[in-house]
Amino acid sequence: MTFHDFNNFTPLGNYSDYFILITRIIFGAVFLYYGRFKIKDLKQNAKDFESMGFKPGWLFGTPIAFLETFGAVFIILGFLFWLTVALFALHMLTGTIWKITSTDKPFTDWSYDLLALSVAVLFLITGPGSIALTF
């Protein structure tokens, strides 16, 4: 049984591809928002990553800046979807674990990472839907 076989069991199941598209757009737009600041000033981004303990900062910060900026566009379009969403899942898993174990941040500071991780995992399960530039 595939994901789309469940369409018969839910009232909005026939519209699942549209909801996946809307979720892709929201997910991508959020990461594009944060990524644009990182990619705009890669030196500052590297310093920010170093201050968090990720050294050297350029090694960790630069790929994240590119993922959040260009990966967000790929998610929206559904292009290179599986690779991109797997990278986002890894990014959010790392962020969640780091914030829980290495900082004194409360739940409210890492709940965003956890929520983004769950959406990325959901995308790994559902795929990009039929409205995508799958490749």
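The values are calculated or read from the model by the stated rules, or taken from the named source; none is laboratory data. In this text the structure is predicted, and so the values were computed from the model without any measurement. All Cβ positions, even for glycine, are placed from backbone atoms using ideal geometry, and neighbour counts span all protein chains on display.
Data overview
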{"read-out": "Selection within region 120-131 - in a helix (DSSP H, G or I) and either exposed (fewer than 13 other Cβ atoms within 10 Å of the Cβ) or within 14 Å of the chain's Cα centre (by Cα) (or both)", "value": "Ala120, Val121, Leu122, Phe123, Leu124, Ile125"}
{"read-out": "Check on Ile20, among the β-branched types (Val, Ile, Thr), touching a Pro at 6+ places or on another chain (Cβ under 9 Å) and touching a residue at least 60 places away in the same chain (Cβ under 8 Å)", "value": "yes"}
{"read-out": "Count of residues meeting criterion [under 19 Å from Leu21 (Cβ atoms), buried (at least 18 other Cβ atoms within 10 Å of the Cβ) and free of Cβ contacts under 8 Å to residues at least 40 places away in the same chain] in region 90-119", "value": "0"}
{"read-out": "Only listed residue being of a type in the set (Asp, Glu), modelled with pLDDT under 95 and not in a loop (DSSP other than H, G, I, E, B), chosen from Asp109, Asp104", "value": "Asp109"}
{"read-out": "Condition met for Ala65 (of a type outside the set (Phe, Trp, Tyr), buried (at least 18 other Cβ atoms within 10 Å of the Cβ) and farther than 18 Å from Leu115 by Cβ)", "value": "yes"}
{"read-out": "Options Phe60, Phe31, Phe49; residue that is in a helix (DSSP H, G or I), more than 17 Å from Leu133 (Cβ to Cβ) and in contact (Cβ under 8 Å) with a residue 40 or more places away in the chain", "value": "Phe31"}
{"read-out": "Output for region 23-68, where each listed residue is among the hydroxyl-bearing types (Ser, Thr, Tyr) and within 19 Å of Leu83 (Cβ to Cβ)", "value": "Thr23, Thr62"}
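Residue-by-condition table, conditions (1) among the aliphatic types (A, V, I, L, M); (2) within 15 Å of Tyr34 (Cβ to Cβ); (3) over 16 Å from the mean Cα position of the chain (by Cα); (4) assigned to a helix (DSSP H, G or I):
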| residue | (1), (2), (3), (4) |
| --- | --- |
| Phe70 | no, yes, no, yes |
| Ala86 | yes, no, no, yes |
| Leu90 | yes, no, no, yes |
| Thr96 | no, no, no, yes |
| Leu133 | yes, no, yes, no |
